Amino acid sequence: MPELRNIPLTYKEGVYSVVDFSKDIDGYNAISFDYDAQYQILTYDIPVGKSKREMTLYSVPEDELIRTLRAVYGKDATLQNLTATLNGHEILLYIHYENEEHAKQEIRRFAIRNADAIIEQIQQCTDVVARLFIDYYCDSDNMDYHAVIGTAAQMEAVRQKYHHEDSCDNSGNYPSENIEGDNEMLITMVRCAEGYPPENFQYAVEIMSKHIEEHALATLHKTEDFKYICAEYD
């Protein structure tokens, strides 16, 4: 099996796999990987402005990573993006932004697409809905964004169990599964952009939450006391 090699930040225009690059590529002007085979953890540094930012992926099958890694270079020879298909899902490992405005445009485009994926799942609910929660979390390295549906029947069960009306506004009290988009891509998109990742993440959160509010709520069969609650959790 080929080994995991450095991916140069500049190369001839085109799409390349691991075997297309030399084993002797200097790691200074390249993305270098550190793979922990025991725990299947991939660590690497990406260029962000004039500095580098460490990225970490978990549960990464080494053979799939090496076999499916793809590097795309543009006409100016700059590495545009780096992807791999892991566990049947295409993962974005790196994306290049021309400037701050380009980063915002790309994050916004992804945020709307990600919200649409969540909306599609929300709209599959045919029960009467009392609560729709948006829960999100960010600590710079780890980020999460998901929706939780609380049906009328579930809310009544929560009310009977906790005997407090405020308990109905806590998503953790509902048994519904989390409804997610592509959190892995979201993390990469915001961490590849210059500035503070939590601020970039919040930018995406606001876009997604507003899009879900505008396009999902009207399609639900809601109770009279329905609430749409967006909150960050610890």
Subject >> Given (1) assigned to a loop (DSSP other than H, G, I, E, B); (2) surrounded by fewer than 17 Cβ atoms within 10 Å (Cβ to Cβ), number of the condition Glu90 does not satisfy >> reply: (1)
Subject >> Number of the condition not met by Thr219 [criteria: (1) among the hydroxyl-bearing types (Ser, Thr, Tyr); (2) surrounded by fewer than 14 Cβ atoms within 10 Å (Cβ to Cβ); (3) within 17 Å of the chain's Cα centre (by Cα)] >> reply: (3)
**OP:** Go through region 121-180 and count every residue that is in contact with an Asp or Glu (Cβ under 9 Å, 6 or more places away or on another chain) and either farther than 16 Å from Lys222 by Cβ or open to solvent by 30 Å² or more (accessible area, probe 1.4 Å) (or both).
**Re:** 17
**OP:** Test Asn178 against the stated conditions and say whether it is of a type in the set (S, T, N, Q) and out of contact with any strand residue (DSSP E or B) (no Cβ under 6 Å at 6 or more places or on another chain).
**Re:** no
**OP:** Kindly indicate whether Met208 is of a type in the set (A, V, I, L, M, F, W, C), in contact with a helix residue (DSSP H, G or I) (Cβ under 6 Å, 6 or more places away or on another chain) and assigned to a helix (DSSP H, G or I).
**Re:** yes
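State all residues of region 64-99 that are of a type in the set (A, V, I, L, M, F, W, C) and at positive phi; if no residue qualifies, say none.
Ala77
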Subject >> Leading residue by the ranking (farthest from Glu98 (Cα to Cα)) among those in region 35-49 that are of a type in the set (Ser, Thr, Tyr) and outside any loop (DSSP other than H, G, I, E, B) >> reply: Tyr35
Original post:
Just checking, which of Ala115, Ala111, Ala77, Ala37 is in contact with a Gly (Cβ under 8 Å, 6 or more places away or on another chain) and either touching a residue at least 12 places away in the same chain (Cβ under 8 Å) or open to solvent by less than 20 Å² (accessible area, probe 1.4 Å) (or both)?
Top reply: Ala115
**OP:** With the condition kept exactly as written, say whether any residue in region 58-77 is modelled with pLDDT under 95 and either more than 27 Å from Lys23 (Cβ to Cβ) or among the aromatic types (Phe, Trp, Tyr) (or both).
**Re:** yes
Subject >> Complete set of residues in region 131-150 that are assigned to a strand (DSSP E or B) and either among the hydrophobic types (A, V, I, L, M, F, W, C) or in contact with a Lys or Arg (Cβ under 9 Å, 6 or more places away or on another chain) (or both) >> reply: Arg131, Leu132, Phe133, Ile134, Cys138, Met143, Ala147, Val148, Ile149, Gly150
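Restricting attention to region 5-15, and to residues there that are in a strand (DSSP E or B) and under 24 Å from the mean Cα position of the chain (by Cα), which single residue is surrounded by the most Cβ atoms within 10 Å (Cβ to Cβ)?
The extreme case among them is Ile7.
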Original post:
Is it fair to say Lys52 is modelled with pLDDT under 95, in a strand (DSSP E or B) and at negative phi?
Top reply: yes
Original post:
Within the bounds of region 187-202, is there any residue that is modelled with pLDDT of 95 or more and over 30 Å from Arg53 (Cα atoms)?
Top reply: no
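The values are calculated or read from the model by the stated rules, or taken from the named source; none is laboratory data. Because the structure is predicted, anything quoted here is derived from the model rather than measured. Please note: Cβ atoms are built from the backbone with ideal geometry, for glycine as well, and neighbour counts cover all protein chains shown. Heavy atoms of the whole protein, side chains included, go into the accessibility calculation; ligands, DNA and RNA do not. Shrake-Rupley method; radii C 1.70, N 1.55, O 1.52, S 1.80 Å.
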